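**Q** Below you will find the structure I want to go over with you.
The values are calculated or read from the model by the stated rules, or taken from the named source; none is laboratory data. As the structure is a prediction and not an experimental result, all values here were calculated from the model. Note that we place each Cβ from the backbone using ideal geometry, even for glycine, and neighbour counts take in every protein chain shown. The area values use the complete protein model at the heavy-atom level, side chains included, leaving out ligands, DNA and RNA. Shrake-Rupley method; radii C 1.70, N 1.55, O 1.52, S 1.80 Å.
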Amino acid sequence: MMTSATHTGSRARGSASLRHRLAERGVDTKLLLLVPAIVFALLLFVYPFAYGIGLTFQPLAATQEQWGGGFFANYVAFFKDAFIFDSVWITLRLALPAALFNVLVSIPIAFKLRSKFRGKRMLQTLLVLPITLGTVLTAQGLLIFAGRQGWLNRFLLENGIIDQPLQLVNNYLGVMLSLIISGFPFAYLLISSYLSGIDPSLEAAAKTLGANWKQRFRRITLPLLAPGLATTFILTFVLAFSVFPSARLVGDASGETRVLALMAYRAFSEQLDYSMASTIAIMMGVVELIVIAFVFLGRSFLYKGSTGGKG
Amino acid sequence: MTRSTNTFDTLELKNVGRSFGGQNALVDLNLRVRAGEFIALLGPSGCGKSTALNCLAGLLPLTHGEILIDGKRIDVLPSEKRDFGMVFQNYALFPHLSVEKNIAFGLQMRNLPKAEVTRRVADGLALVKLQDQAKKRPGQLSGGQQQRVAIARAVVLEPRLVLMDEPLSNLDAKLRLEMRTEIRRLHQSLGLTTIYVTHDQEEALSLADRLVVLREGRVQQIGTPEQLHNNPTNWHVADFMGYRNIVDLEVESVVGDLARVTGRGISIMATLAQTAAVGDTVRLAIRPSDLVVTGPDTPSGRDAIQATVNVVEYQGREFAVEVTTTEGQNLYVHAYTALLPGSTVRLAVDPSRALVYRSSLDGVAAPRELSAVR
Ligand SMILES: Nc1ncnc2c1ncn2[C@@H]1O[C@H](COP(=O)(O)OP(=O)(O)OP(=O)(O)O)[C@@H](O)[C@H]1O
Ligand SMILES: [Mg+2]
C-alpha cells in the first residue's frame with residue numbers, strides 16, 4: 001500500500017492517509033508512545049548523570065590544594081592518589097576472573113543440560129535459584145556457612161580435620177565466591193539460550209562428515225557460540241565490577257577488596273566529598289567501557305550471522 | 001573424480017526398527033542394497049523416512065535390528081566412523097564457513113594433505129558448477145546453490161553410501177527438475193550408492209533403481225519403478241503411484257481374476273489385485289488417465305459410468321476433469337477435448353487398468369516382494 005502511494009506520485013498522495021504520508025517521510029507516529037518513557041529517562045537518568053559530571057569539576061578546596069589541577073583536581077587525585085587508583089586494579093582483579101570463570105564454567109554445564117534427562121528441570125532450577133537471593137542474602141549465607149564460626153569450619157574442627165578455622169570469608173575469596181554465586185546463573189541462562197539457538201543439525205552434519213566431538217566443538221559450535229560468549233562475559237563483568245554489598249559484607253573492605261564502589265561510597269558518606277564520589281563513579285564507567293570496548297573489538301572479528309536454529 | 005575406492009558389495013538392513021517412547025516410528029525394515037544402486041524411500045509425511053535415514057547415518061540409535069555391510073555390523077559404529085555422506089533436508093551448511101570451507105570440512109577431518117584438500121575441493125566445486133561462489137557464505141547463496149553445496153560437501157569424501165533427505169523439497173518446480181537430473185548424473189558418474197528420501201512419487205520413479213514404500217513405519221512394497229507403477233500391492237501404494245481414483249465398492253461376481261464391482265453409481269469389470277469374494281467391500285483404484293471419456297451419444301454399455309462434469313482444468317496437452325457419478329462419487333479423469341461443466345459424460349475403463357484391493361491394509365505387507373530382495 002505504502003509503496004504504491006510512493007510510486008504513483010502526487011495524485012495518489014492526495015488519497016493516502018496522514019499516517020502513510022508521514023511514514024513516507026520516515027515518521028512513525030506510534031513512536032510517540034515512547035515519549036513518557038523518554039521523559040522519565042531524561043529526568044531520572046540523564047539529568048542526574050549530567051549533574052554528576054558537573055560535580056566532578058567542582059573539587060573541594062582541600063583537593064585542589066593537595067593535588068592541583070584546578071577544575072580537574074578530582075581527576076588528578078584519582079590518578080595520582082595511589083590509595084584511590086589501586087582500587088581500579090583491585091576491582092578488575094575481582095571482576096575479570098569472576099566473569100571469566102562464570103562464562104567458562106557455564107559452557108560445559110549448558111552443554112550437558114542441553115539433552116533431555118530425568119531431573120533436568122530440578123537441576124536447572126537449582127542452578128538459577130541464586131538469582132532470586134540477591135547479593136545481601138548471598139553474603140549472609142556465606143557468612144553463616146563459611147565464616148570463622150560457620151557450619152563448615154565447625155564441622156571440620158569438630159571432626160579434627162583441621163586445627164585452625166579456614167579463612168574463607170572477609171577476604172578476596174569471600175567476595176569471589178559471592179560474585180560467582182550471583183553471576184553464574186546469569187551466565188548459564190544466557191549461554192544456554194545462545195546454545196539452543198544453534199541448529200542441532202549442524203553438529204549432526206559435522207558428525208556425518210567425520211568430526212569427533214572435540215572437532216565439532218572447536219570448528220562448529222564454539223565459533224557459532226563465541227559472539228554470545230562475548231556478550232555474556234560483558235554482562236557478568238559489569239555485574240561483578242559494580243560489586244558493593246558483598247565487598248563490604250564478606251570482603252576485606254579496607255584491604256584486598258577495596259573496590260571502586262566502596263571508595264565512591266566512602267568519599268560520599270564519610271568524607272562528604274560529593275565531587276570526589278562522582279569522579280570515582282564516572283571513572284568506574286570509563287574503566288568498564290574500556291574493557292567492553294576491548295571485548296567488542298575482539299567480537300567484531302567473529303562470525304555473527306544466523307546460527308540456523310530456533311533462535 | 002573417479003569411482004569411490006572404499007566401496008562395498010552389499011548393505012543389509014535386518015529388521016531395523018526405531019521407536020520413540022513406545023511409539024513405533026519404523027518397524028522391521030528389511031532391505032538389501034547392492035553397490036551402485038539408487039534406492040528411494042517413499043511415503044507420506046510422518047511415515048518414518050527421516051527416521052530410517054537417521055538410523056542409517058548413526059544419528060539415531062536403533063531400538064531393533066541390525067545394519068550390516070558385507071556381513072559386518074555397522075550399527076554399533078558412531079556416526080563419524082561410518083563414512084556415509086548425508087545431505088540434510090535443511091542442508092545444514094555451516095553458516096560461518098565459506099562455500100569452499102564447507103566442502104573442505106570433511107576432507108580436513110580426515111587429515112588429508114593440504115594440496116589434496118585443495119584439489120578435491122576444486123573438483124567438488126566444478127562438479128556442482130559453483131566455482132564462482134567459492135568464497136561466499138551459505139547465507140549469500142540461493143536455495144538451489146545451497147543445495148548443491150550440501151551435495152558437494154557430502155560427495156567430495158567419496159563416501160561408500162550417500163543419504164539424501166528430501167533434498168529438493170524446498171526448491172521451485174523448475175530448479176527441482178534440473179537438480180533431479182543433476183543428482184542422477186552425479187550418482188552415475190561417481191558410481192555412488194544412494195539412498196534417497198522423498199514424498200514425491202514422480203521424483204522417486206524417475207530417479208531410483210528400486211523404491212521402498214513406507215506407511216506408518218512399515219514397508220508396504222519394495223520393487224523397481226515399473227513393478228510399483230504397474231502392480232501396486234495394496235491400495236495405499238496404488239494411491240501413491242498415481243491411482244487417484246480410490247473408491248469403496250462391493251464385489252458382485254468373480255470370474256477368474258476379474259470381478260464385477262458395483263456401488264456409488266459405478267458398475268464395472270476390474271482386475272483383482274488382491275483376492276476378494278462376492279459380497280466383500282473392496283477398494284477400486286484407477287488412474288485418471290485410464291478413465292476414457294466416451295461422450296454421451298455412444299450406446300450405454302453395462303460398463304459405462306455415467307457422470308456430470310464438475311470442474312475442468314487446462315493442463316497443456318490435456319484437461320484434468322473432475323466428474324460426479326449419479327450417486328455423488330467424485331472421479332478424476334483426463335480428457336483431450338474441453339468438456340463443458342454441467343454436461344453429462346460416459347466413462348469407460350479397460351478392466352486390466354482397474355485394480356481391486358482389500359480395504360484393510362493389515363497383514364498385507366507384500367511378503368512376496370520382501371522375500372525376493374532378501
Ligand atoms: N524425536 C522424536 N520424538 C518422538 N517422535 C518422533 C521423533 N522423531 C520422529 N518422531 C515420530 O516418528 C514418526 C516418523 O517421523 P519421521 O521424521 O521419520 O517422518 P518422515 O517420514 O521423515 O516425515 P516428513 O516427510 O514429514 O519429513 C512421526 O510420527 C514422528 O512423530
Ligand atoms: Mg523427514
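**Q** Which residue out of B:Pro78, B:Pro95 is away from ligand 2 (no atom under 16 Å from the Cβ), open to solvent by 30 Å² or more (accessible area, probe 1.4 Å) and within 13 Å of another protein chain (Cβ to nearest Cβ)?
**A** Numbers: B:Pro95 fails: open to solvent by 30 Å² or more (accessible area, probe 1.4 Å).
Unique residue meeting the criteria: B:Pro78.
**Q** In the list B:Ala40, B:Ala134, B:Ala122, B:Ala52, which residue meets the criterion of being away from ligand 1 (no atom under 16 Å from the Cβ) and open to solvent by less than 50 Å² (accessible area, probe 1.4 Å)? Talk me through it step by step, then tell me what you get.
**A** Values: B:Ala40 fails: away from ligand 1 (no atom under 16 Å from the Cβ); B:Ala122 fails: open to solvent by less than 50 Å² (accessible area, probe 1.4 Å); B:Ala52 fails: away from ligand 1 (no atom under 16 Å from the Cβ).
Result of the check over B:Ala40, B:Ala134, B:Ala122, B:Ala52: B:Ala134.
**Q** Can you name the residue in segment B:157-170 that is assigned to a loop (DSSP other than H, G, I, E, B) and in contact with a Gly (Cβ under 6 Å, 6 or more places away or on another chain) and is also nearest to ligand 2 (Cβ to nearest atom) among such residues?
**A** Residues of segment B:157-170 that are assigned to a loop (DSSP other than H, G, I, E, B), as a first pass: B:157-160, B:166-170.
In the following step, the residues that additionally are in contact with a Gly (Cβ under 6 Å, 6 or more places away or on another chain) were identified as B:157, B:159, B:170.
Working: B:Leu157: 23, B:Pro159: 20, B:Asn170: 12 Å.
The extreme case among them is B:Asn170.
**Q** Select from segment B:206-226 the residues that are open to solvent by 50 Å² or more (accessible area, probe 1.4 Å) and within 16 Å of ligand 1 (Cβ to nearest atom) and list them in ascending order.
**A** Here is the first cut: in segment B:206-226, the ones open to solvent by 50 Å² or more (accessible area, probe 1.4 Å) are B:206, B:209, B:215-216, B:218, B:226.
If the condition is that a residue be open to solvent by 50 Å² or more (accessible area, probe 1.4 Å) and within 16 Å of ligand 1 (Cβ to nearest atom), then B:Arg215, B:Glu216, B:Arg218 are the ones that fit.
**Q** Okay, moving on. Taking A:Phe186 as meeting all but one of (1) more than 30 Å from A:Met276 (Cα to Cα); (2) buried (at least 23 other Cβ atoms within 10 Å of the Cβ); (3) in contact with a Leu (Cβ under 8 Å, 6 or more places away or on another chain), write down the number of the exception.
**A** Result: A:Phe186 fails condition (2) only.
**Q** For a quick check of your reading of the model, give me the residue pairs whose first member lies in segment B:191-204 and is more than 15 Å from B:Phe88 (Cα to Cα), whose second is open to solvent by less than 40 Å² (accessible area, probe 1.4 Å) and within 13 Å of ligand 2 (Cβ to nearest atom), with beta-carbon atoms closer than 6 Å and at least 6 apart or on different chains.
**A** Listed by first residue and then by second, the contacts come to B:Ala204/B:Leu42; B:Ala204/B:Thr198.
Per-residue answers, yes or no, for (1) touching a Phe, Trp or Tyr at 6+ places or on another chain (Cβ under 6 Å); (2) under 22 Å from B:Val149 (Cα atoms):
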{"residue": "A:Gly228", "(1), (2)": "yes, no"}
{"residue": "A:Thr232", "(1), (2)": "no, no"}
{"residue": "A:Met276", "(1), (2)": "no, no"}
{"residue": "A:Lys304", "(1), (2)": "no, yes"}
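**Q** Ok, one more. List the pairs whose first member sits in segment B:137-148 and is without any contact (Cβ under 8 Å) to a residue 40 or more places away in the chain, whose second member is buried (at least 23 other Cβ atoms within 10 Å of the Cβ), and whose Cβ atoms are under 7 Å apart, counting only residues at least 6 apart or on separate chains?
**A** B:Arg148/B:Val128
**Q** Restricting attention to segment B:110-142, which residues are within 14 Å of chain A (Cβ to nearest Cβ) and part of a helix (DSSP H, G or I)?
**A** Selection gives B:Val117, B:Arg120, B:Val121, B:Gly124, B:Pro138, B:Gly139, B:Gln140.
**Q** Can you tell me which residue among B:Asp165, B:Asp200 is within 16 Å of ligand 1 (Cβ to nearest atom) and in contact with a helix residue (DSSP H, G or I) (Cβ under 6 Å, 6 or more places away or on another chain)? Quick ask: steps written out before the conclusion?
**A** Values: B:Asp200 fails: in contact with a helix residue (DSSP H, G or I) (Cβ under 6 Å, 6 or more places away or on another chain).
The unique qualifying residue is B:Asp165.
**Q** Scanning segment B:55-73 for residues that are open to solvent by less than 50 Å² (accessible area, probe 1.4 Å) and under 16 Å from B:Asn30 (Cβ atoms), which turns out nearest to ligand 1 (Cβ to nearest atom)? Let's see the steps before the verdict.
**A** Quick first cut of segment B:55-73, residues open to solvent by less than 50 Å² (accessible area, probe 1.4 Å) only: B:55-60, B:62, B:65, B:67-69.
Then drop every residue that is not under 16 Å from B:Asn30 (Cβ atoms), which leaves B:55-56, B:62, B:65, B:67-69.
On the way: B:Cys55: 9, B:Leu56: 12, B:Leu62: 14, B:Gly65: 16, B:Ile67: 16, B:Leu68: 22, B:Ile69: 22 Å.
Among those that are open to solvent by less than 50 Å² (accessible area, probe 1.4 Å) and under 16 Å from B:Asn30 (Cβ atoms), it is B:Cys55.
**Q** Kindly provide the set of residues from segment B:14-38 that are touching a strand residue (DSSP E or B) at 6+ places or on another chain (Cβ under 6 Å) and within 16 Å of ligand 2 (Cβ to nearest atom), ordered by number.
**A** Within segment B:14-38, B:Arg18, B:Ala25, B:Leu26, B:Leu29 qualify.
**Q** Give segment B:213-233 a look and list any residue that's under 12 Å from B:Phe38 (Cβ atoms) and either assigned to a loop (DSSP other than H, G, I, E, B) or within 15 Å of ligand 2 (Cβ to nearest atom) (or both), or say none.
**A** Pass one, segment B:213-233, residues under 12 Å from B:Phe38 (Cβ atoms): B:224-225.
Listed by number, the list holds a single entry, B:Thr224.
**Q** What are the residue pairs meeting all of these: first residue in segment A:168-194, first residue in contact (Cβ under 8 Å) with a residue 40 or more places away in the chain, second residue of a type in the set (Asp, Glu), Cβ atoms under 9 Å, and 6 or more apart or on different chains?
**A** Correct list of pairs: A:Asn170/A:Asp252; A:Asn171/A:Asp252; A:Asn171/A:Glu256; A:Tyr172/A:Asp252; A:Tyr172/A:Glu256; A:Gly174/A:Asp252; A:Val175/A:Asp252; A:Val175/A:Glu256.
**Q** State yes or no: is B:Leu177 within 17 Å of the chain's Cα centre (by Cα) and either part of a helix (DSSP H, G or I) or more than 16 Å from ligand 1 (Cβ to nearest atom) (or both)? Walk me through it before giving the result.
**A** On the way: within 17 Å of the chain's Cα centre (by Cα): yes; either part of a helix (DSSP H, G or I) or more than 16 Å from ligand 1 (Cβ to nearest atom) (or both): yes.
Yes.
**Q** When segment B:271-296 is examined, which residues are found to be part of a strand (DSSP E or B), polar (S, T, N, Q) and open to solvent by 30 Å² or more (accessible area, probe 1.4 Å)?
**A** Filtering segment B:271-296 for residues part of a strand (DSSP E or B) gives B:271-272, B:281-286, B:292-293.
Narrowing the set further to residues that are polar (S, T, N, Q) leaves B:271, B:281.
Selection gives B:Thr281 alone.
**Q** Looking only at segment A:211-221, count every residue that is facing chain B (nearest Cβ under 10 Å) and either assigned to a helix (DSSP H, G or I) or touching a Lys or Arg at 6+ places or on another chain (Cβ under 6 Å) (or both) and tell me the total.
**A** Step one: list which residues in segment A:211-221 are facing chain B (nearest Cβ under 10 Å), which gives A:211-213, A:215-216, A:219-220.
Cutting the leftovers down to either assigned to a helix (DSSP H, G or I) or touching a Lys or Arg at 6+ places or on another chain (Cβ under 6 Å) (or both) gives us A:213, A:215-216, A:219-220.
Residues that pass the stated criteria total 5.
**Q** Among the listed residues A:Val291, A:Val286, A:Val238, A:Val295, which satisfies the condition of being surrounded by fewer than 23 Cβ atoms within 10 Å (Cβ to Cβ), away from every other protein chain (no Cβ under 14 Å) and without any contact (Cβ under 8 Å) to a residue 40 or more places away in the chain? First the steps, then the outcome.
**A** On the way: A:Val291 fails: without any contact (Cβ under 8 Å) to a residue 40 or more places away in the chain; A:Val238 fails: without any contact (Cβ under 8 Å) to a residue 40 or more places away in the chain; A:Val295 fails: without any contact (Cβ under 8 Å) to a residue 40 or more places away in the chain.
Only one candidate passes the filter, namely A:Val286.
**Q** Something else now. Write out, first by first residue and then by second, each pair whose Cβ atoms fall under 6 Å of each other, whose residues are 6+ apart or on separate chains, and whose first residue, in segment B:86-99, is more than 14 Å from A:Ile220 (Cβ to Cβ) and touching a residue at least 60 places away in the same chain (Cβ under 8 Å) while the second is within 15 Å of ligand 1 (Cβ to nearest atom) and part of a loop (DSSP other than H, G, I, E, B).
**A** Within 6 Å, the pairs are B:Val87/B:Pro167; B:Gln89/B:Glu166.
**Q** Moving to a separate point now. From A:Phe78, A:Phe40, which residue is out of contact with any strand residue (DSSP E or B) (no Cβ under 9 Å at 6 or more places or on another chain) and surrounded by 14 or more Cβ atoms within 10 Å (Cβ to Cβ)?
**A** Values: A:Phe40 fails: surrounded by 14 or more Cβ atoms within 10 Å (Cβ to Cβ).
Every option except A:Phe78 fails the conditions.
**Q** Can you tell me which residues in segment A:191-205 are more than 7 Å from every other protein chain (Cβ to nearest Cβ), open to solvent by less than 10 Å² (accessible area, probe 1.4 Å) and in a helix (DSSP H, G or I)?
**A** Correct list: A:Ile191, A:Leu195.
**Q** Something else now. Under the condition of being among the charged types (D, E, K, R) and within 14 Å of chain A (Cβ to nearest Cβ), which residue from segment B:143-162 is farthest from ligand 1 (Cβ to nearest atom)?
**A** If we filter segment B:143-162 for residues that are among the charged types (D, E, K, R), which is where we start, we get B:148, B:153, B:158, B:160.
Still in the running and within 14 Å of chain A (Cβ to nearest Cβ): B:153, B:158, B:160.
Working: B:Arg153: 21, B:Glu158: 27, B:Arg160: 23 Å.
Among residues in segment B:143-162 that are among the charged types (D, E, K, R) and within 14 Å of chain A (Cβ to nearest Cβ), the one farthest from ligand 1 (Cβ to nearest atom) is B:Glu158.
**Q** Turning to a different aspect of this structure: Name the residue that is farthest from the other protein chains (Cβ to nearest Cβ), counting only residues in segment A:222-233 that are of a type outside the set (Gly, Ala, Ser) and open to solvent by less than 20 Å² (accessible area, probe 1.4 Å). Write out each step before concluding.
**A** Restricting attention to segment A:222-233, the residues satisfying the condition of being of a type outside the set (Gly, Ala, Ser) are A:222-225, A:227, A:229, A:231-233.
Those still in the list that are open to solvent by less than 20 Å² (accessible area, probe 1.4 Å) too: A:224-225, A:227, A:232.
Details: A:Leu224: 6, A:Leu225: 10, A:Pro227: 10, A:Thr232: 18 Å.
The qualifying residue farthest from the other protein chains (Cβ to nearest Cβ) is A:Thr232.
**Q** Against the condition open to solvent by 50 Å² or more (accessible area, probe 1.4 Å) and within 13 Å of ligand 1 (Cβ to nearest atom), how does B:Pro113 come out, does it pass? I'd like the intermediate steps shown before the answer.
**A** Numbers: open to solvent by 50 Å² or more (accessible area, probe 1.4 Å): yes; within 13 Å of ligand 1 (Cβ to nearest atom): no.
Considered against the rule, which asks whether it is open to solvent by 50 Å² or more (accessible area, probe 1.4 Å) and within 13 Å of ligand 1 (Cβ to nearest atom), B:Pro113 comes out as no.
**Q** Follow-up question, since we're still on this one. Within segment B:4-13, is there a residue that is surrounded by 15 or more Cβ atoms within 10 Å (Cβ to Cβ), in contact with a strand residue (DSSP E or B) (Cβ under 9 Å, 6 or more places away or on another chain) and under 21 Å from A:Ala204 (Cβ atoms)?
**A** Yes, that holds for at least one residue.
**Q** Going residue by residue through segment B:195-205, is there one that turns out to be in contact with a Cys (Cβ under 9 Å, 6 or more places away or on another chain) and either surrounded by 15 or more Cβ atoms within 10 Å (Cβ to Cβ) or among the polar types (S, T, N, Q) (or both)?
**A** We begin by selecting, within segment B:195-205, every residue in contact with a Cys (Cβ under 9 Å, 6 or more places away or on another chain); these are B:199.
From the residues that got through so far, the ones that are either surrounded by 15 or more Cβ atoms within 10 Å (Cβ to Cβ) or among the polar types (S, T, N, Q) (or both) too are B:199.
Scanning segment B:195-205 turns up at least one residue that is in contact with a Cys (Cβ under 9 Å, 6 or more places away or on another chain) and either surrounded by 15 or more Cβ atoms within 10 Å (Cβ to Cβ) or among the polar types (S, T, N, Q) (or both).
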